[in-house]
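The values are calculated or read from the model by the stated rules, or taken from the named source; none is laboratory data. It should be emphasised that the depicted structure is a prediction, and the values quoted were computed from it without experimental measurement. Reconstructed Cβ throughout: ideal geometry from the backbone, glycine too, with neighbour counts over all protein chains shown.
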Amino acid sequence: MDRDNEFLSALHQTALAAQREEISFRNNVAREIASRELARKYAFRRLSLAELMVQAARRAESEEQAIAAQAAALRTEMGWHGDTEQRRRIFAAWRPVSMAAWHAVRPRSDAHDEPLTTSAERQDIGAALATFEAWYLAEFGSNYLDILEVEIQELPVVEF
């Protein structure tokens, strides 16, 4: 009987080890899926914000109008009402993104289709967003794209 217990015990240990390996594998796959899901969500949020900035810049006739229009669009997208010191810092750090959008849509200067700015003045919108994202993460310890995930609670209208 002892021999049977030893034999079954060894099989039991093998079964438990296989179970641990499966659980570990499933957990790794779940983490990988979650990581890729977050990367996808952030990529589409960046795209959405870039499209929003380009649309706002396209309607502007000057650089300052473009910056103001994009700030208003960002404020609406983020659900921000009013102004705070933190938001002023955020908008200041966002300015290169606005400038990149403005330079992407502004008219060309001559028949050779050269932009009105030098290449040193231009920045890719994606690069500008990445720079802003890194700044925001360092400044606030979170990704600014997470703000778009937060549901804003609607409060009932009260008449006085």
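Key figures
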| item | result |
| --- | --- |
| Search result, residues across the range 124-148 that are crowded, with 16+ Cβ neighbours inside 10 Å and either at positive phi or of a type in the set (Phe, Trp, Tyr) (or both) | 132, 135, 136, 144 |
| Residue 107 of a type outside the set (Asp, Glu) and modelled with pLDDT under 90 | yes |
| The range 1-25 - residue that is more than 52 Å from the chain's Cα centre (by Cα) and acidic (Asp, Glu) and, of those, surrounded by the most Cβ atoms within 10 Å (Cβ to Cβ) | 6 |
| Residue in the range 110-160 that is modelled with the lowest pLDDT, counting only those that are part of a helix (DSSP H, G or I) and among the aromatic types (Phe, Trp, Tyr) | 144 |
| Some residue of the range 62-78 being exposed (fewer than 14 other Cβ atoms within 10 Å of the Cβ), modelled with pLDDT under 95 and farther than 18 Å from residue 148 by Cα | yes |
| Some residue of the range 41-48 being touching a Gly at 6+ places or on another chain (Cβ under 9 Å) and either assigned to a helix (DSSP H, G or I) or not acidic (Asp, Glu) (or both) | yes |
